[in-house]
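Shown next, in structure tokens, is the structure this report addresses.
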Amino acid sequence: MAGIDAGALQQGLARLVEAELLFVRGEPPEATYTFKHALVQEAAYESLLKRTRQQLHGRVVKVLRDQFPEQAAAQPEIVGRYAELAGQIDEAITSYGLAGEQAQARSAHQEAIGQFRKAITLLDTVPAGAKRDARELTLQLALVASLIAAQGYARPETEAAYERAAALAAAAEDAARLGIARMGLALCYCTRGQVERGRALAAEALAAAEARGDREQALQGYVNVANPEYFQGKFASSLAHCERARALYDPVQHPTVDPVLGTDPGVSALCYTAWNLSPLGQPDAALARAHEAVALARRLNHSFGVGVALAFETAILWFRRDTAAQRERAAEMIALSEAQGFPLWLGLGRAFHAAARVMAGDPAALPEIMEGVALAAETGNQSGAPALFLLLAGAQQAASQLAEAQGTVATALAVAAHTGQPFLDADLHRLDGDLLLATGGAADEATARYQRALAISREQGARSLELRAATSLARLWRDEGKRVEARNLLAPIYGWFTEGFDTRDLIEAKALLDEL
């Protein structure tokens, strides 16, 4: 790079070492030189004309490209830095973009965000035009996948990236990438608690994808409609959308990092399939799909996807009331999230882990549930919030904090109504009835809560939630001497099930039926 012969170069470097301006390690020509102090480097740098500095930086880029191609390919951020300082803006943008992709591939999402943003910032200095906008659109959609992993789906930064991508795609009449951006916005709305707004936008984008025969985007669309429908308690419809997505999915063809979901679409489809099967009365099938999701994410070697799948599997285990397995999976979530920097999954992992400890007889872990919930809430995520309140209320009940549990249930129902997420309303009313009886409340008031739970579960087709409510009401009627009515209520619901007989819900229902 210096442009002088080796002898003169070594002599000059030796003089700088003797003057104690440089340190040297090793023997020339394999030596490494560093400035003794940053101020010396800065003084030397500032003594050069800007034009000379740019020329030297340009030489660095050329030498890296021509003589060290493997290093340049492995560390494009170095090429990007020198290209930017040399005024080679196009080269710098390309290199920063490659650096972002490489960081993203190894799940270094904060680093990826920084590299993508450098490239986008440099684009502001490029003359306006279709080519410039197309490059930014690519970068914005790449950026958002790392924003989701590092900060969450609902953060303002995530929404802003999708908004900008949508504007660029609309201006370019790029229907496919406009659809991606709109689906991303739909997911932002849903996770922020605007569930119906998210569902409606996702449904519009899905219809547009189907109309133009875009199979890949239709796959994204099915998953993005299934997501809000689950939280709305539309389990059968959500499951149908999941099945459509799984029919379209090919792990060879589809990218591991979906710019909408932040993970592989096949993993997401399996996760929501599991979540829908659980309330629909297929607990074993639900657990099997959850296991498949984790296995697929591990095969794809995508850390964020593994975090997603573990979160869904942990929730399935909680729903099955398998405390030991729940604790084990939550511990995996915590370890992964701490290592990779996934705040949403870290918060949820801590909440589920602490709840499992409380249910196993450790009430001292109760405050840790709220700490985990608070950490997850910092990402702006509100989708599934009623489930976290139900998790907390169940733990409070187990810790004999009955009044606190009643307050938590009331909050959960209010949040569910405000955000449009009635997917666990039946179980919340059922638990409210249990708590009412435990605190000496009137039996007729508890009966009303159980009847409300039964009505909601039947409207949603949620057989598992119906069984829980029926078991609670049958216990009450047994205690009131209404043994025939109790058995007539519970027997046909229990008889409907064809699997899950080793789950606590079905074991307890069977024991009660035997007693009746």
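The values are calculated or read from the model by the stated rules, or taken from the named source; none is laboratory data. Model, not experiment: these values are computed from the prediction. Glycine gets a Cβ as well: all are built from the backbone with ideal geometry, and neighbour counts include every protein chain shown.
So that you can scan it fast, the table gives a plain yes or no per residue for (1) of a type in the set (Ser, Thr, Tyr); (2) within 30 Å of residue 422 (Cβ to Cβ):
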position	(1), (2)
119	no, no
128	no, no
142	no, no
152	no, yes
158	yes, yes
163	no, yes
167	no, no
174	no, no
199	no, yes
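Against the numbered list (1) free of Cβ contacts under 8 Å to residues at least 40 places away in the same chain; (2) assigned to a helix (DSSP H, G or I), residue 180 comes up short only at (1).
Of all positions in segment 106-114, at least one carries a residue that is under 26 Å from residue 137 (Cβ atoms), within 30 Å of the chain's Cα centre (by Cα), assigned to a helix (DSSP H, G or I) and of a type in the set (Asp, Glu).
Per-residue answers, yes or no, for (1) touching a Lys or Arg at 6+ places or on another chain (Cβ under 6 Å); (2) of a type outside the set (A, V, I, L, M); (3) under 25 Å from residue 92 (Cβ atoms):
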position: 122; (1), (2), (3): no, no, yes
position: 134; (1), (2), (3): no, no, yes
position: 142; (1), (2), (3): no, no, yes
position: 146; (1), (2), (3): no, yes, yes
position: 154; (1), (2), (3): yes, no, no
position: 159; (1), (2), (3): no, yes, no
position: 164; (1), (2), (3): no, yes, yes
position: 172; (1), (2), (3): no, no, yes
position: 187; (1), (2), (3): no, no, no
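For segment 34-55, what are the residues that are part of a strand (DSSP E or B) and of a type in the set (S, T, N, Q)? If you could, list the steps in order and put the result at the bottom.
Our first condition is that a residue be part of a strand (DSSP E or B); within segment 34-55, this holds for 34-35.
If the condition is that a residue be part of a strand (DSSP E or B) and of a type in the set (S, T, N, Q), then 34 is the only one that fits.
One residue alone among 511, 455, 469 is over 29 Å from the mean Cα position of the chain (by Cα), more than 28 Å from residue 238 (Cβ to Cβ) and among the small types (Gly, Ala, Ser), and that residue is 511.
Here residue 280 passes the criteria (1) in a helix (DSSP H, G or I); (2) touching a residue at least 24 places away in the same chain (Cβ under 8 Å); (3) crowded, with 18+ Cβ neighbours inside 10 Å except the one numbered (1).
Could you check residue 501 against (1) more than 21 Å from residue 237 (Cα to Cα); (2) of a type outside the set (Gly, Ala, Ser); (3) in a helix (DSSP H, G or I) and say which number it fails? Every condition holds for residue 501 apart from (3). If you go through segment 479-511 and keep only what is in contact (Cβ under 8 Å) with a residue 24 or more places away in the chain, surrounded by fewer than 13 Cβ atoms within 10 Å (Cβ to Cβ) and on the phi > 0 side of the Ramachandran plot, you end up with nothing. Across segment 209-216, a minimum of one residue is classified as within 21 Å of the chain's Cα centre (by Cα) and either assigned to a helix (DSSP H, G or I) or not basic (Lys, Arg) (or both).
Condition check for residue 59 on (1) under 24 Å from residue 4 (Cα atoms); (2) exposed (fewer than 14 other Cβ atoms within 10 Å of the Cβ): one failure, at (2). Scan segment 1-10 for residues that are farther than 23 Å from residue 58 by Cβ and either in contact with a helix residue (DSSP H, G or I) (Cβ under 8 Å, 6 or more places away or on another chain) or surrounded by 11 or more Cβ atoms within 10 Å (Cβ to Cβ) (or both) and the total you get is 1.
Residues of segment 70-86 include none that is outside any helix (DSSP H, G or I), hydroxyl-bearing (Ser, Thr, Tyr) and in contact (Cβ under 8 Å) with a residue 24 or more places away in the chain. Residues that are surrounded by 24 or more Cβ atoms within 10 Å (Cβ to Cβ) and hydrophobic (A, V, I, L, M, F, W, C) within segment 210-233 comprise 219, 223, 225, 226, 231, listed in sequence order. Against the numbered list (1) within 20 Å of residue 191 (Cβ to Cβ); (2) of a type outside the set (A, V, I, L, M, F, W, C); (3) in contact (Cβ under 8 Å) with a residue 40 or more places away in the chain, residue 321 comes up short only at (1).
Might you let me know whether segment 353-368 holds any residue that is under 29 Å from residue 157 (Cα atoms) and under 25 Å from the mean Cα position of the chain (by Cα)? Yes: one or more hits.
Of 366, 336, 310, 300, which residue is crowded, with 23+ Cβ neighbours inside 10 Å and either out of contact with any His (no Cβ under 8 Å at 6 or more places or on another chain) or in contact (Cβ under 8 Å) with a residue 60 or more places away in the chain (or both)? Write out each step before concluding.
Numbers: 366 fails: crowded, with 23+ Cβ neighbours inside 10 Å; 336 fails: crowded, with 23+ Cβ neighbours inside 10 Å; 300 fails: crowded, with 23+ Cβ neighbours inside 10 Å.
Answer to the check: 310.
Taking the criterion of being crowded, with 16+ Cβ neighbours inside 10 Å and either more than 18 Å from residue 104 (Cβ to Cβ) or among the basic types (Lys, Arg) (or both), would at least one residue in segment 148-158 satisfy it? Yes, segment 148-158 contains a residue that is crowded, with 16+ Cβ neighbours inside 10 Å and either more than 18 Å from residue 104 (Cβ to Cβ) or among the basic types (Lys, Arg) (or both).
Kindly provide the set of residues from segment 23-33 that are in a strand (DSSP E or B) and loosely packed, with under 10 Cβ neighbours inside 10 Å, ordered by number. Matches in segment 23-33: 25, 32. Could we say that residue 195 is at pLDDT below 95 and either within 20 Å of the chain's Cα centre (by Cα) or surrounded by fewer than 24 Cβ atoms within 10 Å (Cβ to Cβ) (or both) here? So residue 195 fails the test. Kindly evaluate residue 145 against the criterion of being out of contact with any strand residue (DSSP E or B) (no Cβ under 8 Å at 6 or more places or on another chain) and assigned to a helix (DSSP H, G or I). Yes, satisfied.
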